[in-house]
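Here the structure comes first, spelled out in structure tokens, and everything after it is commentary.
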Amino acid sequence: MTSPLLHAMTVDVEDWYQVSGYEGAVDRATWHERESRVVRATGLVLDVLASRGVRATFFTLGWVAARHPALVREIAARGHEVASHGWDHRLASSLTRDELRDDLRRTADALEAACGHRPVGWRAPSFSVGRDNLWVHDLLRAEGYAYSSSVFPVRHDRYGIPDFPRRPVFLRGEDGRGLWEFPMTTARLLGRNWPVAGGGWMRLLPGAVMRAALRRVEAEGVPVAVYLHPWELDPGQPTVPQAPWRARVRHRLNLDRTRPRLERLLDTMRFAPMGDVLATLDPATGTPAHPATPGASLC
């Protein structure tokens, strides 16, 4: 039985070789030489969502949008929200303020050229907003963004703010403008936060365990944010033997199980684009203030 609370389903649109774990093994200068599988893989995600009547937010790399504008148009035409994932998956924590501003604008231009609308949502590559670059939220407000989904409240070797709130937070700047930060979902157990938001965790955790953890968060009255990548539905993608063993394991673990686990999850909870979910929340509490209403595709 599906639940009454509305949750955010999100997809990080990037090709198999563009992940942070492969950054030291796959030079960006060679990206154009690699076999691109993002159109087909994203098509699989779109078909799964369509089979369940679910709309989602697709955080899309500008690099992908510039090379596959028809893919972005199809995402929007199917009623999904198109949002920004940065230009070429450079970590936000590695960029200066000016560099990130340029990255945001370049990506927004590519997405707008592809589907006619500028994005209002952004997700930092690899959740790379941490304690040292929280100024990112001020920059996003200044650039006209309505929300970010870039903080993971966990301890991790590459990202995380363990004591960040576990529910969406409305951050108001000194200029009075507001911005939502929708952190990735964690379950509280044994005094710490555990990641249950999807991605590699969807492939690592048994499906029943992940669903139970998400329902536990839901019971707290908190909307969850689930994410995945199109390449996670593509077990036939090439290998990268020169990548570190940990990166290879993280990337390829249980790729053949992503689709059935996603389908089961879609059958047990109510999902919508992140922008639609945030529109139902009370800025003071980060919890639902009124029922969701169907929205048009956003870009």
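Exactly one residue out of T258, T185 is touching a helix residue (DSSP H, G or I) at 6+ places or on another chain (Cβ under 7 Å), of a type in the set (S, T, Y) and within 30 Å of D132 (Cα to Cα), and it is T185.
Evaluating A212 against the criteria (1) on the phi < 0 side of the Ramachandran plot; (2) crowded, with 22+ Cβ neighbours inside 10 Å; (3) among the small types (G, A, S) leaves one unmet condition, (2).
Can you find a residue in the stretch 105-122 that is in contact with a Ser or Thr (Cβ under 8 Å, 6 or more places away or on another chain) and either in a strand (DSSP E or B) or at pLDDT below 95 (or both)? Yes, the stretch 105-122 contains a residue that is in contact with a Ser or Thr (Cβ under 8 Å, 6 or more places away or on another chain) and either in a strand (DSSP E or B) or at pLDDT below 95 (or both). Within the stretch 141-157, the presence of at least one residue that is surrounded by fewer than 22 Cβ atoms within 10 Å (Cβ to Cβ), of a type in the set (A, V, I, L, M, F, W, C) and at pLDDT 95 or above is confirmed.
I'd like to check something: does the stretch 36-47 contain any residue that is of a type in the set (D, E, K, R) and in a helix (DSSP H, G or I)? Within the stretch 36-47, one or more residues are of a type in the set (D, E, K, R) and in a helix (DSSP H, G or I). With respect to (1) at pLDDT 90 or above; (2) within 23 Å of I75 (Cβ to Cβ), the lone exception for S297 is condition (1). In the stretch 26-49, is there at least one residue being free of Cβ contacts under 8 Å to residues at least 24 places away in the same chain and either under 19 Å from G275 (Cα atoms) or among the polar types (S, T, N, Q) (or both)? Within the stretch 26-49, one or more residues are free of Cβ contacts under 8 Å to residues at least 24 places away in the same chain and either under 19 Å from G275 (Cα atoms) or among the polar types (S, T, N, Q) (or both). Of everything in the stretch 50-61 that is in contact (Cβ under 8 Å) with a residue 60 or more places away in the chain and either surrounded by fewer than 24 Cβ atoms within 10 Å (Cβ to Cβ) or in contact with a Cys (Cβ under 9 Å, 6 or more places away or on another chain) (or both), the residue that is nearest to T107 (Cα to Cα) is R55.
Here the helices (runs of 4 or more DSSP H) wholly within the stretch 217-278 that include at least 2 residues being over 22 Å from F170 (Cβ atoms) and free of Cβ contacts under 8 Å to residues at least 60 places away in the same chain are 245-252, 258-268. Close Cβ contacts (under 7 Å, 6 or more residues apart or on different chains) running from residues in the stretch 189-208 that are at positive phi to residues that are part of a loop (DSSP other than H, G, I, E, B) comprise G199/H229. Please enumerate the residues belonging to the stretch 26-46 that are among the aliphatic types (A, V, I, L, M) and within 19 Å of G236 (Cα to Cα). Listed by number, the residues that qualify are V26, V38, V39, A41, L44, V45, L46. For the stretch 62-99, a tally of residues being buried (at least 19 other Cβ atoms within 10 Å of the Cβ) and among the acidic types (D, E) returns 1. Among the residues of the stretch 94-113, is any polar (S, T, N, Q) and in contact (Cβ under 8 Å) with a residue 60 or more places away in the chain? The answer is no, given that none of the residues of the stretch 94-113 is polar (S, T, N, Q) and in contact (Cβ under 8 Å) with a residue 60 or more places away in the chain.
The set of residues in the stretch 121-139 being of a type in the set (A, V, I, L, M, F, W, C) and surrounded by fewer than 21 Cβ atoms within 10 Å (Cβ to Cβ) consists of L134, W135, L139.
For (1) without any contact (Cβ under 8 Å) to a residue 24 or more places away in the chain; (2) part of a loop (DSSP other than H, G, I, E, B); (3) β-branched (V, I, T), each residue gets a yes or a no:
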{"residue": "R141", "(1), (2), (3)": "no, no, no"}
{"residue": "V151", "(1), (2), (3)": "no, yes, yes"}
{"residue": "Y159", "(1), (2), (3)": "no, yes, no"}
{"residue": "R167", "(1), (2), (3)": "no, yes, no"}
{"residue": "L171", "(1), (2), (3)": "no, no, no"}
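Here's a check for you: in the stretch 7-27, which residue that is surrounded by fewer than 21 Cβ atoms within 10 Å (Cβ to Cβ) and more than 13 Å from H229 (Cα to Cα) is nearest to the chain's Cα centre (by Cα)? Looking at the filtered set, the residue picked out is G21.
Among the residues of the stretch 48-60, those that are under 24 Å from S148 (Cβ atoms) and not in a helix (DSSP H, G or I) comprise V54, R55, A56, T57, F58, F59, T60.
Here is a list: P230, P260, P273, P238. Which entry is modelled with pLDDT of 95 or more and more than 21 Å from the chain's Cα centre (by Cα)?
Among P230, P260, P273, P238, only P238 is modelled with pLDDT of 95 or more and more than 21 Å from the chain's Cα centre (by Cα).
Condition check for T30 on (1) assigned to a loop (DSSP other than H, G, I, E, B); (2) surrounded by fewer than 17 Cβ atoms within 10 Å (Cβ to Cβ): one failure, at (1).
The values are calculated or read from the model by the stated rules, or taken from the named source; none is laboratory data. Since the structure is predicted, the reported quantities are computational estimates derived from the model, not experimental observations. Positions of Cβ are backbone-derived with ideal geometry, glycine not excepted, and every protein chain shown enters the neighbour counts.
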